[in-house]
Structures are given as structure tokens and as C-alpha cells.
Amino acid sequence: MSNSPWERAQKLVQNAAALAETSPHLLAALLVSDRTVEVSIPVEMDDGSQRVFHGYRVQHNNILGAYKGGIRYHESVDMEEVKALAFLMTMKCAVINIPFGGGKGGVRVDPKKLSARELEELTREFTRKLSLVIGPTLDVPAPDVNTNPEIMRWIADEYKKTVSSQKPIIGSAEQHPEAVVTGKPLDAGGSEGRTEATGLGGSYALQAFFKEHGEDIRDKTVAVQGFGNVGRWAAESLQKMGAKIAAVSDSRGGIYIPDGIPDIAAVYKCKKASGLVAGCYCIGSVCDQASSEEVLRPAGRMCDIKNREKMRGHNITPEEILTLPVDILVPAALEDSLTAGNAEKVQAKYILELANSPTTEEADAIFEKRGVTIIPDILANAGGVLVSYFEWYQNMHGERWSKSDVFEKLHASVETAVTEVFRTAKDKRISSRTAAYVVALRRLSSSANPAPFRHR
Ligand code: GLU
């Protein structure tokens with residue numbers, strides 16, 4: 001039986017702690033969460049009925065700085081999941097070297113079943129419930145699965161209203177309340193480049209890995225599982241670097257064009273319009289060259305047979321994307337996609353983990369045995385929280401950085417972290433995942449209290 005992401009995280013940190021010479025005190029602190037908060041969120045639905053949703057915020061550790069991490073809206077959210085994800089944030093912030101700790105939040109809800117008003121009310125009520133435990137120097141949420149800049153705007157706005165009407169018990173009255181949350185729209189204090197940051201950071205991480213190992217990203221084929229904001233920007237950026245994006249998918253299926261999807265942005269647009277990736281292979285530049293009856297059909301659209309053959313493209317299932325004959329697999333969806341059941345069939349030689357915890361322990365062992373290189377989650381997807389830090393910094397200092405400035409800083413930080421992790425892996429002859437934990441633990445050790453207080 002596979003263990004849960006939280007159990008997995010605990011085992012990983014225990015293994016790495018021995019190699020990083022982590023003190024027993026720090027290790028004990030990291031094996032638990034500093035604080036877990038569970039709230040009820042009553043919402044009046046559009047039909048007048050009342051529903052109560054369950055929300056969570058976990059503050060794992062703040063040795064390096066304020067708790068930091070996203071809020072996800074998903075039906076699978078529970079305390080165990082949020083605890084694991086908060087733990088990963090502590091490690092992620094440490095590995096990418098920013099002064100933040102780890103936190104995470106979520107609401108158990110399928111947001112696609114809510115109206116815009118219900119979603120806003122849910123978010124505002126959740127924020128009111130969290131207002132005493134979040135704050136710019138205390139705990140700073142951000143987007144995650146199924147949350148976006150607009151939702152972050154509501155959080156910032158509601159937080160501002162709440163703290164101005166009541167004196168917070170925890171945290172000080174802030175001069176920069178908008179810094180309570182990152183991933184905001186630009187006009188609400190967001191940063192240039194935050195939307196693209198996680199996907200782009202992932203592509204920089206892969207590029208840095210190839211550079212370090214004298215390999216070339218050009219003409220490598222890629223399959224991206226999960227075509228939300230993260231998968232989309234990773235695909236676009238990898239394509240710009242010369243890789244061929246052969247397949248992309250969402251939870252209901254995807255498309256596969258062995259010669260490479262010509263226009264990633266058009267596929268994303270198609271997905272947004274129709275709600276599905278499947279069928280989105282006859283669009284944009286492809287269809288521009290095709291005859292008029294082959295153009296995008298709004299819902300459930302499919303290419304006709306003639307065009308399908310011309311493009312050699314076809315629909316694939318969400319499982320098939322993981323085992324396609326590609327060089328690089330990018331899991332960018334939820335936890336536990338790569339398991340003992342499919343790891344032997346994965347053909348890719350490189351796995352860029354843009355999702356958090358996409359690989360089970362058994363799958364990890366199989367990949368290690370087979371010599372598959374993994375760019376582990378806490379390194380691969382750290383670009384998101386890194387640019388969140390840039391946003392927070394700009395808010396706190398009243399600055400505005402240009403997009404090119406943000407991308408330059410993102411590139412440099414990711415490259416440094418990748419080099420550090422893979423050199424550690426080589427020196428210590430350990431997996432890249434363990435090495436990432438060793439790097440993170442060393443950084444945490446150097447900020448932790450040297451020894452617990454003792455009476456003489
Ligand atoms: N949700 C993202 C993550 O898992 C970003 C967190 C943040 O920006 O705080 O890394």
C-alpha cells in the first residue's frame with residue numbers, strides 16, 4: 001500500500017536529516033506542523049439554501065520567515081493533504097533560498113460548481129475566518145490548484161476590511177495590508193511575471209539541469225500532464241527553448257501530436273473555451289492551413305479524419321499521457337500521479353515535477369533503479385513562490401519591478417538552486433530529491449536556534 005504525501009514527506013526529511021547532520025531538535029520540529037487551523041465557512045447559495053464548507057490552513061514552520069503557501073479549492077482537500085503541502089512549502093522556500101517558512105490552505109469544494117458570486121462569498125468568508133492567523137509578516141497565502149489572481153484580490157480586499165475594523169490578536173497592524181497575499185492581479189498590487197512564474201521557473205530548472213550536464217534541450221520531446229496555468233506556461237517556455245511539446249492533457253484527457261503541438265497558446269484558449277483539452281488539436285496555426293470545414297468547432301470539436309492524419313494527432317486518455325514515448329514528462333496536476341502501477345511504463349528519461357508530490361515512494365524507487373532523472377517538486381516548481389516573494393517584497397517596499405527584471409531574477413535563483421542540488425546529489429551519491437532536502441535542511445539548520453533553552 002502506498003503511503004500518503006504527509007507520511008512520505010516525513011520519511012524523506014528523516015532520511016535527509018541524517019545526511020545533512022540536522023539536529024534532533026530541528027528534525028522533531030519539522031516532523032510536525034506549528035499550527036493547524038480548521039474553519040467552517042457558511043455560504044448562502046444562489047438558490048437561497050445554506051451550505052457549510054470546510055476550510056484549512058496549516059502553518060508548518062517559520063524558522064526562515066512568515067508562513068507562505070497557496071490556497072487550493074478542490075474536492076479532495078483535507079487536513080492530511082494540507083499538512084503535507086505546507087511541509088513541502090517549508091522545504092521549497094529553503095531550497096530556493098527565500099526568507100519564508102511553509103504554509104498551505106484549502107477549501108473542500110469543487111469551485112466549478114459554484115457561481116461567481118458564491119465563489120466570491122466563500123473566499124471572503126474564508127478570509128474573515130483566517131484573518132487572525134494571516135498577515136504580511138505572519139502568514140501569506142497565494143494561488144494554488146483552482147485559485148487565481150481574482151480570488152487573491154478578494155482575499156487582500158477582505159483582509160484589509162477585516163483588520164481595519166478589528167485589532168488583530170496575532171500580528172501587528174500593517175502598513176502594507178495588500179502584502180497579506182501574493183499572486184494578486186497587477187492593479188491590486190500583484191507582480192509582473194507571477195502568473196507565468198511556476199511554469200517558467202520549471203523550464204529554467206530543466207534548462208539549468210541540461211546545461212550542468214552538457215546536454216541540449218532542443219528537439220527533446222515533452223508530455224505535460226495537467227494543462228492549467230502551470231502546465232501551460234511550462235509548455236510555452238520549453239517550446240521557446242526548442243523542445244517539442246508532443247502532448248498535453250487535463251483530468252479528462254488530452255492531445256498527442258508526435259511532431260509537436262504548433263501553437264500551445266491556441267490549445268490553452270481552446271481548453272478555456274470548451275473546458276477540455278481533448279479535441280484541441282485542430283486549431284490556431286494548424287487550422288489556419290486547413291480547409292474551412294476543419295476549423296475549430298466550439299464544443300466537443302474534433303478534426304476531420306483528413307486533418308487528423310495530416311497532423312498525426314489524436315486524443316489520449318489522462319493515463320496514456322504518462323507513458324508516451326517522449327524524452328521529458330512533466331506532471332503538472334495533483335499528487336500521486338506516478339505510482340507503482342505506471343512507473344515501469346514511463347518512457348521518459350527526465351521527469352520535471354511541476355505538481356507537488358506527484359510521485360509515490362514506490363514510483364520513486366522504480367525511477368531511481370531505472371536511472372530516470374527527476375527534477376524534484378520543491379526545486380522544479382519553486383519559481384512560483386520565488387516570484388511571490390518578489391511580489392511581497394515590492395509591496396513591502398513600495399516598488400514595482402519590470403517583467404524582464406522579474407524573469408532575470410527568477411532565472412538566476414532557479415539556476416543557482418539547481419546547481420546546488422545536483423552538485424550535492426553527485427557529491428553525496430544520493431537522489432536529486434534527497435539532495436534537495438539536504439540543501440533545504442542545511443539552510444534551515446543555519447537559521448534555527450542552536451540549542452533549546454535550558455535552566456542551569
Ligand atoms: N501554490 C504554489 C506552490 O505550491 C505557490 C505558493 C506561493 O506562491 O506562496 O508553490
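Each reported figure results from applying straightforward, stated rules to the coordinates on display, with no laboratory input. Remember, predicted model here, so these are calculated numbers, not experimental data. A quick note on method: Cβ atoms are made from the backbone with ideal geometry, for glycine too, and the neighbour counts reach across all protein chains shown.
Dipole size of the chain about its Cα centre, with +1 on Lys/Arg Cβ and -1 on Asp/Glu Cβ: approximately 740 debye, rounded to the nearest 20.
A straight line joining the Cα centroids of the stretch 70-142 and the stretch 204-231 runs 28 Å.
A straight chain from residue 75 to residue 19 at 0.36 nm per residue would run longer than the Cα-Cα distance by 16.4 nm. A convex hull fitted to the Cα coordinates of the chain yields 156 cubic angstrom per residue.
For residue 240 and residue 423, the difference between the fully extended length at 0.36 nm per residue and the C-alpha to C-alpha distance is 63.2 nm. Excluding same-chain residues fewer than 8 positions from residue 345, which lysines have a Cα within less than 16 Å of its Cα? Result set, ordered by chain and number: 369. Here the extension length gained between residue 47 and residue 416 equals 127.6 nm, from 0.36 nm per residue of separation less the Cα-Cα distance. Pairs of Cα atoms nearer than 8 Å and 6+ residues apart set the relative contact order; for the chain it is 17 percent. Ranked by the mean number of other Cβ atoms within 10 Å per residue, highest first, peptides 372-384, 249-261, 106-118 order as 372-384, 249-261, 106-118.
For the stretch 1-92, the equivalent ellipsoid built from the Cα gyration tensor has semi-axes of 32, 14, 9 Å, listed from largest to smallest. With 30 Å as the limit, the listed pairs 83/403; 92/403; 11/104; 11/184 have 83/403; 11/184 beyond it between alpha carbons. Among the DSSP helices (H) of the chain, those spanning at least 20 angstrom by Cα along their long axis with an average Kyte-Doolittle hydropathy of 0.5 or more are 79-95; this is a geometric and hydropathy rule only.
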